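Undergrad: Would you mind keeping the following structure in view while I ask a few things?
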Ligand SMILES: NC(=O)c1ccc[n+]([C@@H]2O[C@H](COP(=O)([O-])OP(=O)(O)OC[C@H]3O[C@@H](n4cnc5c(N)ncnc54)[C@H](OP(=O)(O)O)[C@@H]3O)[C@@H](O)[C@H]2O)c1
């Protein structure tokens, strides 16, 4: 989903129609609260039920109605206000937010929860003020030009097979999850280390499409939150047209079970369970 999203905590509450299961209209805040509180079917309950030795992982992505995951190299232009609110709201219910280095570079990631009210909400939920930022990278082509990495108050875990470290002017509090199998990143081991050593129970993965493909292929994804934007964009003639999953064909295709559908201003918000 749109990682360049503006922090929109103080705007008037947006209303979403509950199409499935059918119910009274809701706000993003209420929706996120429902996800956070330990009741049957919500994120907290599903995470507690567990995914074995790894964290419970939710993908959060946005797409145009014809499947584009980026416009002009970024995702911000795809979304609307409700999508932006949900994007930030979901960050208030998880232990960690994960993104591929490509997304962190393209979207110039900064601090994950800047809004004081949302930080307070996280504290009230018994979480750290900000989620751990997990960046997956092979080449470690990450510099202090990325605001998140330059910020001494940010908590970051670099997930990599590389023995190298980031440059010293990356002032964030940086930990390394180094998991290699034959020289390449061993994602299942890395996820187990996140759970075991760093205590991460829930991960919100914000893409991008190439990381998603590998997480899905390794069976490491539990849910997909997909915002479907009422836009058609055609193909990108200048570079690769990205969809929410890019990479080798997933064969057989991964099956999804539809858990919920909401609507705001012709945007659809779909929640799927991944069938393992
Ligand atoms: N529509 C949406 O919801 C959405 C969400 C996120 C991003 N996007 C868009 O997607 C684009 C970026 O996506 P992307 O697919 O190119 O990038 P990505 O998946 O975010 O990142 C790819 C990079 O992640 C690292 N990586 C991923 N898997 C790895 C593995 N198994 N081992 C080692 N490193 C691994 C590599 O980093 P190194 O290069 O450092 O080795 C790789 O180049 C941007 O245009 C962004 O705006 C859209």
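The values are calculated or read from the model by the stated rules, or taken from the named source; none is laboratory data. Remember, predicted model here, so these are calculated numbers, not experimental data. Virtual Cβ from ideal backbone geometry, glycine too; neighbours counted across all protein chains shown.
Undergrad: Residues in the range 72-105 that are within 25 Å of residue 14 (Cβ to Cβ) and more than 10 Å from the ligand (Cβ to nearest atom): how many?
TA: 14
Undergrad: Can you find even one residue in the range 229-245 that is under 18 Å from residue 47 (Cα atoms) and free of Cβ contacts under 8 Å to residues at least 60 places away in the same chain?
TA: If we filter the range 229-245 for residues that are under 18 Å from residue 47 (Cα atoms), which is where we start, we get none.
No, the range 229-245 has no match at all.
Undergrad: Another question, if that's okay. Do the conditions hold for residue 129, that is, is it in a helix (DSSP H, G or I) and touching a residue at least 12 places away in the same chain (Cβ under 8 Å)? Spell out the reasoning first.
TA: Numbers: in a helix (DSSP H, G or I): no; touching a residue at least 12 places away in the same chain (Cβ under 8 Å): yes.
Taking the combined requirement at face value, the residue does not satisfy it.
Undergrad: Next up: Considering each residue of the range 240-258, count those that are exposed (fewer than 13 other Cβ atoms within 10 Å of the Cβ), more than 16 Å from the ligand (Cβ to nearest atom) and closer than 23 Å to residue 78 by Cβ, and give that number.
TA: Counting residues in the range 240-258 that are exposed (fewer than 13 other Cβ atoms within 10 Å of the Cβ), more than 16 Å from the ligand (Cβ to nearest atom) and closer than 23 Å to residue 78 by Cβ gives 1.
Undergrad: Now, a different point. Would you check which residues across the range 96-112 are surrounded by fewer than 22 Cβ atoms within 10 Å (Cβ to Cβ) and in a loop (DSSP other than H, G, I, E, B) and list them? Give the steps one after another, and end with the answer.
TA: At the first step, the residues of the range 96-112 found to be surrounded by fewer than 22 Cβ atoms within 10 Å (Cβ to Cβ) are 102, 105-106, 108, 110-111.
If the condition is that a residue be surrounded by fewer than 22 Cβ atoms within 10 Å (Cβ to Cβ) and in a loop (DSSP other than H, G, I, E, B), then 108, 110, 111 are the ones that fit.
Every residue, every condition in (1) modelled with pLDDT of 90 or more; (2) in contact with a helix residue (DSSP H, G or I) (Cβ under 6 Å, 6 or more places away or on another chain), yes or no:
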{"site": "24", "(1), (2)": "yes, no"}
{"site": "27", "(1), (2)": "yes, no"}
{"site": "30", "(1), (2)": "yes, no"}
{"site": "41", "(1), (2)": "no, no"}
{"site": "51", "(1), (2)": "no, no"}
{"site": "55", "(1), (2)": "yes, yes"}
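Undergrad: Please state which of the following conditions residue 108 fails to meet, knowing it meets all the rest: (1) away from the ligand (no atom under 12 Å from the Cβ); (2) touching a helix residue (DSSP H, G or I) at 6+ places or on another chain (Cβ under 7 Å); (3) on the phi > 0 side of the Ramachandran plot.
TA: Looking at each condition in turn, residue 108 falls short on (1).
Undergrad: While we're looking at this one, here's another question. In the range 196-219, what residues are closer than 26 Å to residue 42 by Cβ, more than 10 Å from the ligand (Cβ to nearest atom) and surrounded by fewer than 20 Cβ atoms within 10 Å (Cβ to Cβ)?
TA: Result: 196, 198, 199, 201, 216, 219.
Undergrad: Failed condition for residue 141, given (1) within 11 Å of the ligand (Cβ to nearest atom); (2) buried (at least 19 other Cβ atoms within 10 Å of the Cβ); (3) outside any strand (DSSP E or B), with all others met?
TA: Of (1) within 11 Å of the ligand (Cβ to nearest atom); (2) buried (at least 19 other Cβ atoms within 10 Å of the Cβ); (3) outside any strand (DSSP E or B), only one is false for residue 141: (2).
Undergrad: Which residue is nearest to the ligand (Cβ to nearest atom), if the candidates are limited to the range 144-171 and must be surrounded by 13 or more Cβ atoms within 10 Å (Cβ to Cβ), in contact (Cβ under 8 Å) with a residue 40 or more places away in the chain and part of a loop (DSSP other than H, G, I, E, B)?
TA: 146
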